[in-house]
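For reference, the structure discussed in these notes is given below.
The values are calculated or read from the model by the stated rules, or taken from the named source; none is laboratory data. Treat the numbers as computed from the prediction; the structure is a model and nothing was measured. All Cβ positions, even for glycine, are placed from backbone atoms using ideal geometry, and neighbour counts span all protein chains on display.
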């Protein structure tokens, strides 16, 4: 009986291990940026960028991950474009082509005017 319970435990661990490893890898990759600030002060940004931050970026990008991730990540403009294109393809992201272009514009503007100036 003890042997059977032992084998069931080993089997459960073997089945769960790949999922735990994958999840841990994703969490570790973004752990530092996900713990950073989740909002930014855009009051000095142009009105258009303020609107994109409020209506597109904040609403769409928070569906799949914390806003801290893109807020605290540094990328070149072409990397932001690829990143948003990738996010647009995620199920239930709600990011259409029009909002994707706005989000890209915001992320590139924010990178250039806030992150790169640090």
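State the number of residues belonging to the range 103-112 that are surrounded by 14 or more Cβ atoms within 10 Å (Cβ to Cβ) and either free of Cβ contacts under 8 Å to residues at least 40 places away in the same chain or not assigned by TED's automatic domain parsing to the domain that holds residue 50 (or both).
3
Taking only the range 83-102 into account, find how many residues are more than 13 Å from the chain's Cα centre (by Cα) and either in contact (Cβ under 8 Å) with a residue 40 or more places away in the chain or assigned to a helix (DSSP H, G or I) (or both).
Number of matching residues: 6.
Of the residues 38, 29, which is surrounded by 10 or more Cβ atoms within 10 Å (Cβ to Cβ), touching a helix residue (DSSP H, G or I) at 6+ places or on another chain (Cβ under 9 Å) and either at pLDDT 75 or above or assigned to a helix (DSSP H, G or I) (or both)?
That would be 38, the only listed residue that is surrounded by 10 or more Cβ atoms within 10 Å (Cβ to Cβ), touching a helix residue (DSSP H, G or I) at 6+ places or on another chain (Cβ under 9 Å) and either at pLDDT 75 or above or assigned to a helix (DSSP H, G or I) (or both).
Which of the following residues is within 15 Å of residue 38 (Cα to Cα) and exposed (fewer than 15 other Cβ atoms within 10 Å of the Cβ): 60, 54?
Going through 60, 54 in turn, the sole match is 54.
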